[in-house]
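Single-structure report; data block below.
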Amino acid sequence: MQTAAAAPNKMLLARGGPRLLVAGRRGLRATARAADGNGASTTTTTTTTAAAPAAAAYVDDQIGLATVFADMPSPPASPWPSAADRAVGGEAPASSSSSSTAEFSYTPAAAAASSPASSVRLLPINYAPETRYTVDSPADADAARFPELHPSVEFWRTFRTSMPMRTGGGGGGGGGGAPSSSSSSSSLDEARAVLRDLAATSPLEDATSAAYWAYHLGRTGFFLGASFAGALAHHLVATAEQARSPNGGGGGGGGPQKTPLENLTSAGAREVTNRLAEAIALYRQDLAEVRAGSYALPYDMTAVDPTKNAQYNPLAVAGRTLAFVREAVATLDRRVKRADTSNWLESPLFPAYYADSTFHYQSGGWLTSRSSRAYEFSTESLFFGRQDAMQRAALVPLAAWAARQAGVGAGGEGLRVLEVAAGTGRFHTFIRDNYPRARSTVSDLSPFYLERARENMRAWRRIRGGGGGGGGGGDDDDSVDYVLCKAEDVPRPDASFDVVTCTYLFHELPEEARVACAEEWRRLLRPGGLVVLTDSVQIGDRPAWDASIGAFGDFNEPHYRNYVACDVGAIFEDAGFAPTMKVTASASKTWAFVKRGGGGDGGEDGGRA
């Protein structure tokens, strides 16, 4: 999420290294070098012309939620390395059947061939003004740059999906379309594929699997229902408003404007089965990483005491659901009407692009307690309960890196972690649960979200009884700091941290702020320190989504279209980092970088400098 960043007061660095690109006012010339099969260097050049401004179109269910899946075969033996293998730089063989390797490994049919990357990037729905780090395919740039591509990268790249586009115009057409004559049989085929895929996971093979699948499928079902309830409530309010309107609520297209609910339910059975298939694939990946030792099971999964865990408290759940429905009605109404997005609060602390925009059309942007309390529920409803699992993928490179550090003891003893733009602190609870003896700092630009992060940390401690998954850990008032600051201006001395993490920030920043963040995080890290950055997938990561991936920008995400074509790896290389690992998890991707200068090309010295 975007709650901490500012416009930098320095010029962009000149591009260094052999890759990508020179941009001009009228077009883009991109040059990329990569090793061919014989290790030789090859060079390709692409020239494109700037396209028209982005069209007013969007996907009602957001990025990654409307998908069409192929028939899924049973999973073969896993090629995934265990956490121990990664720690020593080893790689499990593709035919490995060792119980220590992750189990999520099947490969569905490859996605249908997509348009050339340059054409995809310049489609009206994807187009944004070209900037220094704009490339045709960030996924291709990642493949050429990162020495370790986690098996999930190829898995999700070939996971057959599509993102049907629906317009947000005022006409009755809506763009969603009525189901075709073959929709019913197609949906049944997809439902059968989902059931076969779930059966292939052996959800009842042991107590851990049974508990995991019961919890996560329950979450998915719950948030699916909550999402429908929010859309239904908005639909009822919107249709009542249209009935009262003298012109019938037309939006300029000659008829009543379709509501998001109408668009989403135009092929409702397919929507549900598609989203379940996406969730099952992600949960298999998540559980496989738990078994591989990358991180622990979710700390609040089996803690069923309602006095400690609000997820199992019926009154708390009911209250949060009602608050979400109320927020959904307001958010969807502003979205459909393209309402004013200015914030209620002004301060010189906030950069203009932060203060002047209520991202997602949510009430008060990042600057109200109402927003901070609705955020987690809203985003989990958006992803039908998948967000936690997508974020936990960021723990994979952290675990591999920590295992190589001589100065890190049991439970993260001696580790200094900073989470930038931490928002509500939900992901930070997973960090603390896996590294309970670490010293951590939570920063954000919103005091309302920092307050919520503090509450989440207290909830984690209640569930864990004062410690973490590995035992121990001091009082959080002593081991966790909360800092109100910008992402690229953290008031801490040089080399104060071993690890910097950041989740869902970069897509809400203009490019110059991304560059400033990379430079600041390098200053904050000791040599050999780690950055783990998680955000939305980009062009090329899920090729079947490419033609409409920029649609999420219409959900009041002004920098998203630039982000999906941004070579993030190049930004960090230019700032003095070495890329190490890339992981994909459904609609999210994670990059890992180490600060150069601690020994070896990657800067990893096995301990502190």
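Values quoted throughout were computed directly from the atomic coordinates according to the rules given, and no laboratory measurement underlies them. Keep in mind that this is a model prediction, so the values were computed, not measured. Note that we place each Cβ from the backbone using ideal geometry, even for glycine, and neighbour counts take in every protein chain shown.
In straight Cα distance, which lysines are under 22 Å from LYS258, not counting same-chain residues fewer than 8 positions off?
Within the straight-line limit of under 22 Å, LYS258 reaches these lysines: LYS337.
Determine the shape class of the range 196-246: with a ≥ b ≥ c the square roots of the Cα gyration tensor eigenvalues, call it rounded for a/c under 1.5, and otherwise prolate if a/b is greater than b/c, oblate otherwise.
prolate
In terms of modelled amide H atoms, which long-range or inter-chain residues lie less than 5 Å from the amide H of SER588?
VAL537
Over the range 498-567, what lengths in whole Å, largest first, do the semi-axes of the equivalent ellipsoid take, defined as the square roots of 5 times the eigenvalues of the alpha-carbon gyration tensor?
26, 13, 9
To the nearest 0.05, how large is the calculated FRET efficiency for SER245 and SER342 if R₀ is 35 Å and r is the Cβ-Cβ distance?
About 0.90, to the nearest 0.05.
I need the peptides 371-378, 236-243 ranked by packing, meaning the mean over residues of other C-beta atoms within 10 angstrom, with the highest value on top.
The peptides rank, most packed first, as 371-378, 236-243.
Once the Cβ-Cβ distance between GLU413 and SER369 is put in as r, and R0 is 35 Å, what FRET efficiency do you end up with, to the nearest 0.05?
Using R0 = 35 Å, I get an efficiency of 0.50.
Please work out, to two decimal places, the log10 of the ratio I(q)/I(0) at q = 0.09, 0.12, 0.15, 0.17 Å⁻¹ from a Debye calculation in which every Cα of the range 439-585 carries one identical scatterer.
For the range 439-585 at q = 0.09, 0.12, 0.15, 0.17 Å⁻¹, log10 I(q)/I(0) is -0.35, -0.62, -0.92, -1.11.
Find how much the distance from ASP305 to ALA229 grows on full extension, using 0.36 nm per residue of separation minus their present alpha carbon separation; answer in nm with one decimal.
Full extension of this stretch gives 24.7 nm more.
Once you put a point 7 Å from the Cα of SER119 and another 7 Å from the Cα of ALA323, both along the Cβ direction, what distance in nm separates them?
Taking the simple label geometry, SER119 and ALA323 are separated by 4.8 nm.
Using a Förster radius of 30 Å, what is the FRET efficiency between ALA352 and ASP494 based on their Cβ-Cβ separation? Nearest 0.05, please.
0.60
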